[in-house]
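Below you'll find the structure, written out as structure tokens, and then a few comments.
The values are calculated or read from the model by the stated rules, or taken from the named source; none is laboratory data. Predicted, not measured: the structure shown is a model, and the values here were computed from it. Neighbour counts run over all protein chains shown; Cβ positions are idealised from the backbone, glycine included.
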Amino acid sequence: MPCEEASMARIRCLGILLLTLACSTLGVAAADSESGEKLRTSFHFQPARNWINDPNGPMYYRGFYHLFVQYNPTGPHWRNIVWGHAVSSDLLSWVFLEPAIAPSAPYDAKGTWSGSATVLPDGRINLMYTGVQVHGRQVQNLAVPRNYSDPFLREWVKSQLNPVIVPGAGVNSTEFRDPSTAWRGADGLWRVLLATKDHRRHLVLLYRSTDFTHWSAARRPFHEGHTGMVECADFFPLSSAGSVKHVLKISVLESRRDVYFLGAYDDSTDKFLPDDGNDDGLQLDFGIFYASKSFFDPSRRRRVVWAWAKEQDATADDEQKGWAGVLAIPREVWLAHDGRQLMTWLVAEVDSLRTNRVHIADMTIQSGDYFEIAGLQLPAQADLDVEFQVSNLERAEPFQWRAAEAADLCAARGADVQGGVGPFGVWVLASRDLRERTAVSISVFKADERKHMILFCNDVSNSSYSDQVDKHNYGGLVQLDLAKAGGRISLRTLVDNCIVEAFGSHGKIAILSRVYPTSAVGNKARAFVFNKGKSTIVVSRLDAYDMASVKIS
Ligand SMILES: *[C@@H]1O[C@H](CO)[C@@H](O)[C@H](O)[C@H]1NC(C)=O
Ligand SMILES: *[C@@H]1O[C@H](CO)[C@@H](O)[C@H](O)[C@H]1NC(C)=O
Ligand SMILES: *[C@@H]1O[C@H](CO)[C@@H](O)[C@H](O)[C@H]1NC(C)=O
């Protein structure tokens, strides 16, 4: 952060929020390297420097959002993990406080790992987190605020009764972690979920308690599967058109995927039954979106989810940048009308960052053509909201793959191989000569007589000249009745220097990518709309905005 801004942050902290300590410890780090500064985000959550990973314990308390995050105060790599703590009144600007929890006792000497916050009906708050002991044994601990009159809840006190949950007989003690937010059943007992594994089998275990400190394990696993270790279980109800569904989300360590199951939960038996055909789970985001954690925001009556967007560059680059890890913009999630999937969209607060608007309507793009979105001041930091209209649907190729092969299809065909209808979409973080560019693309395939399969890809194969970064393409499919939709397909793409968050079909699909342009950085980056398909398409509407930066200090 430039000096001027740093001192502004200090003044704001001192003058308005009286957070001297927060400023001097985290807020005023100097720029480490030029490239690291150019790639830093402008409105995503990241501390001034060092490593972050999972979001922890998000909650709302007396007018402030609290977010904790796995944080290494000593460097841009995964080590010495504490609970970084930040507060915000709008989910966009944040003030970092002193870490809330750090190793201090035999039950957490080797790390204070992920966990959740539970706000009790009487207003008390419990953080439950995983402590790592000397030989790697993982146990669960509690911490509570020292002073409830402090709206920032700066100090946290660990329970004298820690650890409150230890791995029982038959549980792998080095793979037993990430307590969920607790919920209370009709019988008055609190329930919490923990993730573990048993050979290839992953297990989500349920624990119950009358008082939040004495816990006993349920006899049956709450959920199991065969993906190896999972992490960060999250469990919550959602309703749509009067019917309630429960959502169980797990983070699959090996594939680095967040997967959720929709189903029915009965608190008298503590059985969670995934819906028919939902045994393998679904994805909330098809890209680099991991260890997500949600909370219910009582101030706006919505479910909001945070996730970690891990670096895809080399460790040496992180050392040079001085930082590693960004959190995705918080997203609202809700149940689709048909109750068969979750929908996801950026929280509405993000729209308040939109400044200069560029508007285009009814622009035709012939096969092979493209145009630059002119008039943005800083396309490296932008929100592009586009509605495409396709015709010539008889040209769409038949869809002959399985839905699970979407990412492979994006890898094989990406945003450049000509199809009948598409690929078309946007190029962002593009250099003037277009050699460096990240594509967010749409390809239309015929599923049956009426429906179409729409393939959305984040094609990052040309996103950077550097060969030290992971350039895997990610993508997913949406089934649409295009005739009913008037041939229209929507695509919103949020760009913030090193991160691209794409949302298709009004939130039916999301894909997050991390990118590392070398020439298309800062004010040298451009944005375009392209059509590589055989058919002409129409941009029926395009609204592009420059995005203001937020203050994180
Ligand atoms: C608790 O916080 C309030 C508000 O910040 C403060 O005025 C009070 O002195 C604090 N109490 C203690 C015991 O620290
Ligand atoms: C526990 O998990 C670790 C890490 O996967 C593995 O190395 C170890 O063998 C497991 N222990 C048992 C007792 O299964
Ligand atoms: C990437 O660049 C190469 C070389 O210019 C080009 O052949 C290819 O089509 C490009 N792919 C994408 C997705 O931009």
On the given criteria, is residue 139 farther than 24 Å from residue 231 by Cβ, assigned by TED's automatic domain parsing to the domain that holds residue 59 and part of a strand (DSSP E or B)? no
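Does the stretch 539-546 contain any residue that is surrounded by fewer than 23 Cβ atoms within 10 Å (Cβ to Cβ) and in contact with a Pro (Cβ under 9 Å, 6 or more places away or on another chain)?
yes
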Residue among 122, 150 that is acidic (Asp, Glu), within 16 Å of ligand 1 (Cβ to nearest atom) and out of contact with any strand residue (DSSP E or B) (no Cβ under 8 Å at 6 or more places or on another chain): 150
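Checking the conditions here, which among 544, 485 is closer than 21 Å to residue 344 by Cα, part of a loop (DSSP other than H, G, I, E, B) and over 18 Å from the mean Cα position of the chain (by Cα)?
After ruling out the rest, the residue left standing is 485.
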Would you point out which residue out of 131, 168, 84, 123 is at positive phi and more than 16 Å from ligand 3 (Cβ to nearest atom)? 123
So is residue 374 within 21 Å of the chain's Cα centre (by Cα), loosely packed, with under 13 Cβ neighbours inside 10 Å and touching a residue at least 12 places away in the same chain (Cβ under 8 Å) or not? no
Among the residues of the stretch 235-267, which ones are within 18 Å of residue 286 (Cβ to Cβ) and of a type in the set (Asp, Glu)? 254, 258
Tally the residues that are closer than 12 Å to residue 452 by Cβ and out of contact with any strand residue (DSSP E or B) (no Cβ under 6 Å at 6 or more places or on another chain), restricting the search to the stretch 377-401. 2
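One line per residue, one yes/no per condition, for (1) outside any strand (DSSP E or B); (2) among the basic types (Lys, Arg); (3) modelled with pLDDT of 95 or more; (4) away from ligand 3 (no atom under 16 Å from the Cβ):
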site: 172; (1), (2), (3), (4): yes, no, yes, yes
site: 181; (1), (2), (3), (4): yes, no, yes, yes
site: 186; (1), (2), (3), (4): yes, no, yes, yes
site: 193; (1), (2), (3), (4): no, no, yes, yes
site: 197; (1), (2), (3), (4): no, yes, yes, yes
site: 203; (1), (2), (3), (4): no, no, yes, yes
site: 207; (1), (2), (3), (4): no, no, yes, yes
Can you find even one residue in the stretch 204-215 that is within 29 Å of residue 343 (Cβ to Cβ), touching a residue at least 12 places away in the same chain (Cβ under 8 Å) and out of contact with any helix residue (DSSP H, G or I) (no Cβ under 8 Å at 6 or more places or on another chain)? yes
Expected output for the stretch 145-156 (first residue farther than 14 Å from residue 124 by Cβ, partner near ligand 1 (Cβ under 8 Å from one of its atoms) and modelled with pLDDT of 95 or more, Cβ below 6 Å, 6+ apart or cross-chain) is 155/146
It is to be established whether one or more residues within the stretch 168-178 are of a type in the set (Val, Ile, Thr), away from ligand 1 (no atom under 16 Å from the Cβ) and over 23 Å from the mean Cα position of the chain (by Cα). yes
May I ask you to verify whether residue 443 is surrounded by 24 or more Cβ atoms within 10 Å (Cβ to Cβ), out of contact with any His (no Cβ under 6 Å at 6 or more places or on another chain) and farther than 24 Å from residue 259 by Cβ? yes
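Here's the yes/no breakdown for (1) of a type outside the set (A, V, I, L, M, F, W, C); (2) surrounded by fewer than 20 Cβ atoms within 10 Å (Cβ to Cβ):
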position	(1), (2)
37	yes, yes
57	yes, no
60	yes, yes
64	no, yes
67	no, no
78	no, yes
97	no, no
Please state which one of 173, 251 is touching a residue at least 24 places away in the same chain (Cβ under 8 Å) and within 15 Å of ligand 2 (Cβ to nearest atom). 173
Selected residue [touching a strand residue (DSSP E or B) at 6+ places or on another chain (Cβ under 7 Å), assigned by TED's automatic domain parsing to the domain that holds residue 84 and small (Gly, Ala, Ser)] from 185, 170: 185
Return the only residue of 451, 508 being modelled with pLDDT under 95 and not small (Gly, Ala, Ser). 451
When the stretch 404-454 is examined, which residues are found to be within 11 Å of ligand 3 (Cβ to nearest atom) and in contact with a helix residue (DSSP H, G or I) (Cβ under 9 Å, 6 or more places away or on another chain)? 441
